[in-house]
Amino acid sequence: MSNVIDPIKLLTDKGERQPPFMNSIFNPVVCSVLGFGCAIFLNFGLRKPPFSGIQNHVAFAAIGGGLGLYFDNKRNEHLAKRDAVLRHYIELHPDDFPVKERKKYADVLEAWVPIR
């Protein structure tokens, strides 16, 4: 659960959080490796040596990397649109999303006395 108290604050990103390093390169790298693997599999299917026609491997890897970037951009657009819809709904119905007061552990937990 998030430590943010205000629900609208949860959906507004003011550039305070930076995405992790792996988020920006994971999909392009994985898709590039898959493209390279497809070129090897294609050579296997055509009964050629696995690394013959290296230009095909480079082309498939480049196409895979481009597809990975495309998928990342589409996912980011989808998530931004979803956050905008949720933010708008929260703005229209503020009574359904009250700001919760922060509770301390001392208020939540009961006093504990060990029995010996």
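The values are calculated or read from the model by the stated rules, or taken from the named source; none is laboratory data. As the structure is a computational prediction, the values presented were derived from the model and not from experiment. So basically every Cβ, Gly included, is an ideal-geometry build from the backbone, and we count neighbours across all protein chains shown.
What number of residues within segment 22-54 satisfy the criterion of being over 28 Å from N73 (Cβ atoms) and not hydroxyl-bearing (S, T, Y)? Counting residues in segment 22-54 that are over 28 Å from N73 (Cβ atoms) and not hydroxyl-bearing (S, T, Y) gives 11. Taken over segment 87-112, the criterion of being without any contact (Cβ under 8 Å) to a residue 24 or more places away in the chain and either aliphatic (A, V, I, L, M) or not in a helix (DSSP H, G or I) (or both) is satisfied by L92, H93, P98, K103, K104, A106, V108, L109, E110, A111, W112.
Of these, L69, L10, which one is surrounded by 11 or more Cβ atoms within 10 Å (Cβ to Cβ) and free of Cβ contacts under 8 Å to residues at least 12 places away in the same chain?
L10
The sole residue among D83, D96 that is surrounded by fewer than 13 Cβ atoms within 10 Å (Cβ to Cβ), among the acidic types (D, E) and on the phi < 0 side of the Ramachandran plot is D96. Of the set (1) small (G, A, S); (2) free of Cβ contacts under 8 Å to residues at least 40 places away in the same chain; (3) farther than 30 Å from E101 by Cβ; (4) part of a helix (DSSP H, G or I), all apply to A84 but (3).
Take P49 and decide whether it is at pLDDT below 95 and part of a loop (DSSP other than H, G, I, E, B). Spelling it out, it is not the case that P49 is at pLDDT below 95 and part of a loop (DSSP other than H, G, I, E, B).
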